[in-house]
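Throughout, read-outs are computed from the coordinates displayed, never taken from laboratory work. It should be emphasised that the depicted structure is a prediction, and the values quoted were computed from it without experimental measurement. We place every Cβ from the backbone using ideal geometry, glycine too, and count neighbours over all the protein chains shown.
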Amino acid sequence: MAVILSLLGLYILWGFGWDTVGRMLRTSVDGVIIASRDFPATGAPRYATEYTIRGVDGKDRVYVAGATDGSLERSMSVGTRIRKLPWHLDYERDGKRVRFPTPFYAMTLGIALALVIWGAAHLWPKPGGPALPAEGVQPR
């Protein structure tokens, strides 16, 4: 049981931590959306949006927003101003702050970490195992 719960905790840490929170922390976008395309189609169960964003430096970059909290919102209109700094979870959309669901992820990652620690504690050799022979007594 300890192995299963430890593996579950590690999976949650990867999925919610590295793959979602980590991806959002690494994202850096600063510019105006000049083109937008949803695929496979808007409203499909897990569609994504490909944006072409003209940065403040005048260069165009492509950003793909997926169906998870690890990316920016999908289906934003052309002309939307986006500013997402690296190592920040929140971002600005047309000057308004868009908040990342930090409390939910903090709670989820806390539970996952507790599962890993609990599992490791139950798998670790316990102190006070077989008693050592008393000093001066030779083991047989």
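Some points to look at:
- Qualifying residue in the range 51-61 (condition: of a type outside the set (S, T, Y), within 24 Å of the chain's Cα centre (by Cα) and under 23 Å from I33 (Cβ atoms)): yes
- Restricting attention to the range 71-127, the residues being surrounded by 11 or more Cβ atoms within 10 Å (Cβ to Cβ) and in a strand (DSSP E or B) number 8.
- The selection criterion, being of a type in the set (K, R) and without any contact (Cβ under 8 Å) to a residue 24 or more places away in the chain, holds for R37.
For (1) in a strand (DSSP E or B); (2) farther than 30 Å from L123 by Cβ; (3) hydroxyl-bearing (S, T, Y), each residue gets a yes or a no:
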site: G17; (1), (2), (3): no, no, no
site: G31; (1), (2), (3): yes, yes, no
site: R37; (1), (2), (3): yes, yes, no
site: T52; (1), (2), (3): yes, yes, yes
